[in-house]
Amino acid sequence: MRIAMIGHKYVPSREGGIEVVVENLATHMVEKGHEVTLFNRRRKEYKKISEYKGCKIENIFTVNKKSLDAIVYAFFATLKARKMAKKGKFDVLHFHAEGPCFFLNLLSRKKNRNYKIVVTIHGLDWQRGKWGGFATKILKKAEKRIAKYADEIIVLSKNNKTYFRDMYNRNVKFIPNGVDKPTLVPAQIINDKYQLTKNSYILFLARIVPEKGLHYLIDAWKLVKEQINNTDKKLVIAGDQSHSSEYFSNLMDKIKDDDSIITTGHVEGQELAELFSNAYLYVLPSDIEGMPMSLLEAISYGNVCLVSDIPENTEVINEDCFVFKHGDVDRLRHQIKKIINLNLTTHENMVVPYSWDDVVEQTIEIYKE
């Protein structure tokens, strides 16, 4: 099949979960003999490429301004996809996330087109705290257009499946994100850079935006450090801001004099693998999720995980994981303190909840329906 992937920022990249999902879907589809074109954003910080691991690349115009980047990209990506699809170059236009679907109404009506529109919902984007009032209205409008114009809708959680059924009377397909089984690696780069060793730290790895709940974790960690005097464990915050500069700055000010907290910024490659491979505990205290890629990866590395009790997290976790009531700093503190005192054995139960091969097969079946 000939497939276009639209909605991500840039591949290859780990800027967010969507980029990880699009890259893995696309490259695994190419391995199975399909033709995939990725609609990358053309921005000054991104290297302009025409091919990646067998995938074709279309570099789509946008503006280098966070408030306009996504909507400008969505407009030009939709027009480009429509033009190419009308010429018979695509069988499927696969949009990712709600925002890029704002212009779905510009695509041909179903009876007049020779291609299929598929949308993957990576979470209800209008709920995310990083967006202002106008952006929230745009996202809600995009969601309505998805319900109206998409031939098939894929969701990453059963909670979102229920939402689309109740809100729009749409039957949607649940296909989780996948993950490949990793290889555990010793702490080398992270030891040189941050003096981190195996089981010496608690890991938060996600974009630093309000809905990920890092502010809860920082408050809980400070309480834990007051109550446990005999631990030399660190809190490692791995990730960068995204449309949340004020939130990010406030958090950095809050931790700037705390030598028990290490910030790494964006990580990938060997350093990322080392952080997952050697953490004592992975924590995801989010208020809102789609299906968190970093949690899937943490479980695949055999991490003990502590997550908020939102359905999108609890649907993923296994018996080696702990939960706390989302937004409850005291319960988060209690769980971290308890887990530190348990002196757990980590990284022995490496589990792949869903493989990319299975995810790709299910997605291709939806394309063909």
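The values are calculated or read from the model by the stated rules, or taken from the named source; none is laboratory data. Since this is a predicted model, take the numbers as computed values, not measurements. As a convention, Cβ positions derive from the backbone with ideal geometry for all residues, glycine included, and neighbour counts pool all protein chains shown.
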Exercise. Quick one: which of THR363, THR346 is at pLDDT 95 or above, in contact with a strand residue (DSSP E or B) (Cβ under 9 Å, 6 or more places away or on another chain) and crowded, with 17+ Cβ neighbours inside 10 Å?
Worked result: THR363
For this session: Restrict the check to region 140-156 and report whether at least one residue is more than 26 Å from LYS368 (Cα to Cα), free of Cβ contacts under 8 Å to residues at least 12 places away in the same chain and either surrounded by fewer than 22 Cβ atoms within 10 Å (Cβ to Cβ) or outside the structural domain of LYS234 (by TED's automatic domain parsing) (or both).
Result: no
Seminar exercise, completed: Across (1) closer than 25 Å to HIS266 by Cα; (2) crowded, with 17+ Cβ neighbours inside 10 Å; (3) touching a Phe, Trp or Tyr at 6+ places or on another chain (Cβ under 9 Å), LYS47 clears everything bar (2)
Exercise. With respect to VAL92, is the statement that it is surrounded by 17 or more Cβ atoms within 10 Å (Cβ to Cβ) and in the same structural domain as PRO12 (by TED's automatic domain parsing) true?
Worked result: yes
Exercise. Of the numbered conditions (1) in a loop (DSSP other than H, G, I, E, B); (2) buried (at least 17 other Cβ atoms within 10 Å of the Cβ); (3) among the aliphatic types (A, V, I, L, M), ILE71 satisfies every one except a single condition; which is it?
Worked result: (1)
Exercise. In region 317-361, how many are β-branched (Val, Ile, Thr) and without any contact (Cβ under 8 Å) to a residue 40 or more places away in the chain?
Worked result: 3
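Which is modelled with pLDDT under 95, under 21 Å from VAL92 (Cβ atoms) and part of a helix (DSSP H, G or I), of ALA135, ALA142?
Just one listed residue meets the conditions, ALA142.
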